[in-house]
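> Below you'll find the structure I mean.
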Amino acid sequence: MITDTRPGTARRASRRRVVVVGAGVTGLITAVRCVLAGHRVTVLDRGAIPHPGSSSFDQHRAIRALDPADPERTRRAALAHHRWLELETLLCGSRPGTGFYRRVGVLTGWPGDEVTAAAAVAAHAGLSVKLVEPDEFPHIRFPVGFRGVLELDAGVLLADRVLWTAARWLAGHPEARLRPWCPVSSVDTETGRVVLADGTVERGDLVLIAGGPWSRALVDLPTVLHRQTMVYLRSPDELTRWWDTAPSAGRIGADGRAWLLPSGGGTVLKISTDAACREVSTVDDRADEDELRWSERIMAADILTDMDRYTVAAVKRCHYAVDAHTGTAHLVRVGPAVWARAASGGDGFRTAPLVADRIVDALRHTQSPLRISTGRNTT
């Protein structure tokens, strides 16, 4: 459970210096957890904190847990859900309208003969789910023969609000130091020495590199970078209330590759499809510039049953990185005191609290390292 440990209550002998490179969701949530555990934390970012250009910055992110092919991953993701609830209470309090977790549920489409097995995995992980028929959500298109599994306790994080509330909380805590506009030029993975572009140095007993797609420029972190186009829609006035209570949805559209995040909480409806995801070399890769072509592919994916009633509000590209070896969101120990997060995007966002837990655990064992000592280890 997350508890607020103010200076003086933790044993000073166990207090450590932590340097976090990157003020996206992983960096900020890890900084919060480290401060709560009684450590001193410095957060560095190449831009503002939070940085509107970071891969974490967006209207909303889905928080789901169910993965029928991987019961253990489902269990871990369910833990992340509880961590987000605790963080919301800590960072936002209980004032109405200040929270960032919209618990509207997550709906996933599955072939009719697979929904029972999916529900069994959910039950084993302690998830509350409901099997639903497509006609219960008439504005969402399901593939022919699919049914829905609705995770009742899941939902949507208001992503930008998460970043702002975490940054404000850290700015008001005496054991946290935020250093925006401080690009990092190198990190010594053996000593934890962080050299900034202006020649100044930060040192930490533990360093976390959480720069999303930019992390691999600082440490040996083989990653694959993907670009995704997203279309933001305004719904017709008569459907505004329906969408405000609708769940996030995945494995939808005519081919089951599409997904959406509903409007509500000041956001607009967001849709995309895995068919609009492609690999690029860098964030600035100019070989793939035609967002109009990709947005047209999304609009043609038959994601909504009444698409012609919606107005396009914006088209945006985003980037996410995954570990090159596993294709997942790894936390990797790259040196005796240096860790790196090979992830960004939706999966990196929802699992950020689990990374924070792992880093705090590593700080408890700085004199006696965790099971791993070198190489690539996952969270």
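> Picking from Ala258, Trp84, Gly109, whose Cα lies most toward the positive end of the charge dipole for the chain (charges on Cβ: Lys, Arg +1; Asp, Glu -1)?
Most positive-ward Cα: Trp84.
> Over the Cα atoms of region 114-250, what is the Rg over Rh ratio if Rh follows Kirkwood? Working shown, then result.
Details: Rg = 22.5 Å, Rh = 20.3 Å.
Rg divided by Rh gives 1.11.
> Placing +1 at every Lys and Arg Cβ and -1 at every Asp and Glu Cβ, with all other atoms neutral, what dipole size does the chain have around its Cα centre, in debye to the nearest 20?
I would put it at about 1660 debye.
> Lys and Arg at +1, Asp and Glu at -1: add these up for the other residues within a Cβ distance under 15 Å of Gly192 and post the number. Walk me through the numbers on the way to the answer.
On the way: positive: Arg16, Arg17, Arg40, Arg193, Arg203, Arg333; negative: Asp188, Glu190, Glu202, Asp205.
Result for the neighbourhood of Gly192: +2.
> With the crude spin-label approximation of a point 7 Å out along Cα→Cβ, what separation in nm comes out for Asp237 versus Arg177?
Each label point is offset 7 Å from its Cα along the Cβ direction, giving 5.5 nm.
> Same structure, new question: Would you be so kind as to identify which of His124, Gly145, Leu163 lies farthest towards the positive end of the dipole of the chain, taking Lys and Arg as +1 and Asp and Glu as -1 on Cβ and the Cα centre as origin?
Leu163
> If you line up the Cα atoms of region 226-319 on their principal axes, what length do they span on each, largest first, in Å?
Rounded to whole Å, the extents work out to 42, 27, 21 Å.
> Per 0.36 nm of contour for each residue apart, how much would the distance between Phe57 and Arg95 grow if the chain were fully extended, relative to their Cα-Cα spacing?
Details: separation 38, 0.36 × 38 = 13.68 nm, distance 2.37 nm.
So the extension gain works out to 11.3 nm.
> Something else about it: Hey, got the dipole for region 26-71? About the Cα centre, +1 on K and R Cβ, -1 on D and E Cβ, debye to the nearest 20? Could the numbers behind the result be given before it?
Working: 5 positive and 4 negative charges, 43 e Å.
Dipole magnitude for region 26-71 comes out near 200 debye.
> Under a crude label model (7 Å from the Cα following the beta-carbon direction), how far is Ala120 from Val312 in nanometres?
4.5 nm
> So how much slack lies between Ala324 and Glu279, counting 0.36 nm per residue of separation and subtracting their Cα-Cα distance, in nm?
Gain in length upon complete extension: 15.0 nm.
> For the chain, the longest stretch holding no GluC sites (Glu not before Pro) located in a DSSP loop with at most 14 other Cβ atoms within 10 Å is which? Before the final figure, lay out the partial values.
Details: sites that count: Glu114, Glu190, Glu289.
Longest gap between qualifying sites, sites excluded: 1-113.
> In addition: Is it possible to state the helix-based mean residue ellipticity at 222 nm for the chain, with each DSSP H run of 4+ residues giving -39500 (n - 2.57), the sum divided by total residues, to the nearest 500 deg cm²/dmol? What is it? Mind dumping the intermediate values first?
On the way: 8 runs with 90 residues, N = 379.
Counting only the DSSP helices, I get -7000 deg cm²/dmol.
> Another question, if that's okay. Note down the magnitude of the dipole of region 226-319 about its Cα centre, charges +1 on Lys and Arg C-beta and -1 on Asp and Glu C-beta and zero elsewhere, to the nearest 20 debye. Walk me through the numbers before you get to the answer.
On the way: 13 positive and 16 negative charges, 42 e Å.
Computed charge dipole of region 226-319: roughly 200 debye.
> Figure the gain on full extension for Arg297 and Ala69 (residue separation times 0.36 nm, minus the Cα-Cα span) and round it to one decimal in nm.
79.2 nm
The numbers here are math on the coordinates, done by the rules we state, and not lab data. Please read these numbers as outputs of a predicted model, since none were measured by experiment. Don't worry about glycine lacking a Cβ; one is built from the backbone with ideal geometry, like all the others, and counts go over all protein chains shown.
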